[in-house]
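Below: one structure, written as structure tokens.
The values are calculated or read from the model by the stated rules, or taken from the named source; none is laboratory data. Keep in mind that this is a model prediction, so the values were computed, not measured. Cβ placement follows ideal geometry from the backbone for every residue including glycine, while neighbour counts extend to all protein chains displayed.
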Amino acid sequence: MTLFDVYPLNNITITKALGSYVWDENGVQYLDMYGGHAVISIGHTHPHWVKRIEEQLEKIAFYSNSIVIPIQQQLAEKLGKVSGKEDYQLFLCNSGAEANENALKLASFHTGRKKIIAFNKSFHGRTSLAVAATDNKNIVAPVNETENIIFLPFNDENALLNCFNKNGNEIAAVIIEGIQGVGGINVASESFLQLIRTLCNEHGAVYIADSVQCGYGRSGKFFSHDHAGVNADIYTMAKGMGNGFPIGGILIAPHIKPKHGMLGTTFGGNHLACAAALAVLEVMEEENLIEMAKQRGQYLMNRLKSIDSIKNVRGKGLMIGFDVPEEIKDLKKKLLSDFNVFTGEAKPNVIRLLPSLAISRKQSDEFLEVLNECIAELKPPTPKGELEKIAE
Ligand SMILES: Cc1ncc(COP(=O)(O)O)c(C=O)c1O
């Protein structure tokens, strides 16, 4: 049997990982500025996370959601405390797409409505409604096509106002990433998120904060939407939640009431996943990682802004993007092949940095040094005449 060939692969086999580094089968060390696609929150193979999972594995790994699972309640309490959303309710699932799928479904159950507002360049996952609300025609199968999604320009307050004025009583939910990830690190303005909150209140719609990539402390606050001082009705979470152990979830505001059978899953909230997620929150608290993400992010961002050859440095905390001009277009590829640094990308020309929230100052400096070196090697030599001008 062969693997279904859907991923363009780098020809590298990682066999070991620790903190912000990974090693290949030949023992070559790589700096991970990509965090395995924003997943690594507390650092690869963190010893507390390993111990927590091992201890749970010795006891029980899984039983179905038909019994009481106290570790789910422990996770809910800890998550309420660390996120500051103590009065919210938690539903556990297994991935980001599943979190968004459940959030959209719940919004529709709650309002009895069908229309969803999503935004240009959004990415919400690959399952049926999540992919329909994703602004990429290439990944929407004919069966996923629906009239129920209204796409609007990101950060366009007038377009949002007009849409609510026209269709307000049909809108079940607005779904928005506080910082678009796959779309290229586009930060939602605070006034835009505040307007979403106001309009959802006025029209009885549900505000869904897709925090799968920008949440879990990455932006320097637990949810990137917190920067705007608003509370969403539903937060969706996944990537950083398990530090690589598959788990997702949604936080649901108290006014949205559950009913038996409304949502459900076989694997969601299993003992092992909860142990991994609890370990993540314990380490985040113990090592003050949300504050670290803020400080480290600010440091990286300031230093990146002083590099002339890269453009439009943007983001928040440790979710940073910049544009790569044509003359150094192979930067990402070369960083990996010649300098052993993993970074993320967004088409057509954006590099995304999504390192572990525990990245050290030394590792940040190591990256900046290597980035400058790599740019210098890629840049075409300055023509003679130009050099003379600079000398003058
Ligand atoms: C903002 C956002 N939402 C949802 C998803 C889907 O998550 P998953 O791949 O876990 O289904 C992603 C994945 O990249 C994402 O970035």
Filtered residues of the range 345-387 (kept if farther than 20 Å from Lys294 by Cβ, at pLDDT 95 or above and not hydrophobic (A, V, I, L, M, F, W, C)): Glu345, Asn349, Glu366, Glu369, Asn372, Glu373, Glu377
Return the only residue of Ala61, Ala76 being at negative phi and part of a helix (DSSP H, G or I). Ala76
Taking the range 164-183 only, how many residues are in a strand (DSSP E or B), away from the ligand (no atom under 16 Å from the Cβ) and among the charged types (D, E, K, R)? 0
Would you mind finding the one in Ala61, Ala76, Ala38, Ala17 that is modelled with pLDDT of 95 or more, within 16 Å of the ligand (Cβ to nearest atom) and either closer than 21 Å to Cys214 by Cα or not charged (D, E, K, R) (or both)? Ala38
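Would you call Asn148 more than 15 Å from the ligand (Cβ to nearest atom) and either in contact with a helix residue (DSSP H, G or I) (Cβ under 9 Å, 6 or more places away or on another chain) or assigned by TED's automatic domain parsing to the domain that holds His227 (or both)?
Working: more than 15 Å from the ligand (Cβ to nearest atom): yes; either in contact with a helix residue (DSSP H, G or I) (Cβ under 9 Å, 6 or more places away or on another chain) or assigned by TED's automatic domain parsing to the domain that holds His227 (or both): yes.
Taking the combined requirement at face value, the residue satisfies it.
Out of everything in the range 328-356 that is part of a loop (DSSP other than H, G, I, E, B) and among the polar types (S, T, N, Q), what residue ends up being farthest from Val22 (Cα to Cα)? Working first, answer last.
Taking the range 328-356 first, the residues part of a loop (DSSP other than H, G, I, E, B) are 329-330, 340, 343, 347-349, 354-356.
Now restrict to residues that are among the polar types (S, T, N, Q): 340, 343, 349, 356.
Numbers: Asn340: 10, Thr343: 13, Asn349: 25, Ser356: 12 Å.
Result: Asn349.
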Name the pairs whose Cβ atoms lie under 6 Å apart, with the first residue in the range 268-287 and over 19 Å from Lys59 (Cβ atoms), the second part of a helix (DSSP H, G or I), and 6 or more positions between them or separate chains? Leu281/Lys78; Leu281/Val82; Val283/His48
What tally of residues in the range 15-55 results from selecting those that are surrounded by fewer than 24 Cβ atoms within 10 Å (Cβ to Cβ), in contact with a helix residue (DSSP H, G or I) (Cβ under 6 Å, 6 or more places away or on another chain) and under 20 Å from Ser95 (Cα atoms)? 2
Answer yes or no as to whether Gly269 is over 14 Å from Gln72 (Cα atoms) and small (Gly, Ala, Ser). no
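Working only within the range 82-98, note down all residues that are away from the ligand (no atom under 12 Å from the Cβ) and in contact (Cβ under 8 Å) with a residue 12 or more places away in the chain. Break it down into steps so the answer makes sense when it comes.
Kept after step one, since they are away from the ligand (no atom under 12 Å from the Cβ), are these residues of the range 82-98: 82-92.
Across the range 82-98, the qualifying residues are Val82, Ser83, Gly84, Lys85, Asp87, Tyr88, Gln89, Leu90, Phe91, Leu92.
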Do we find that Gly43 is assigned by TED's automatic domain parsing to the domain that holds Gly249, closer than 23 Å to Met319 by Cα and not aliphatic (A, V, I, L, M) in this structure? no
Long-range neighbours under 7 Å by Cβ, at least six apart or interchain, first residue farther than 25 Å from Gly35 by Cα within the range 223-248, second within 11 Å of the ligand (Cβ to nearest atom) and assigned to a helix (DSSP H, G or I): Ile234/Ala103
Tally the residues that are within 12 Å of the ligand (Cβ to nearest atom), in a loop (DSSP other than H, G, I, E, B) and not aliphatic (A, V, I, L, M), restricting the search to the range 99-134. 8
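Which ones in the range 79-98 are more than 17 Å from Asp233 (Cβ to Cβ) and in a strand (DSSP E or B)? Explain how you work it out, then say what you get.
Within the range 79-98, the first condition is being more than 17 Å from Asp233 (Cβ to Cβ), and the residues that meet it are 81-82, 92-98.
Within the range 79-98, Leu92, Cys93 qualify.
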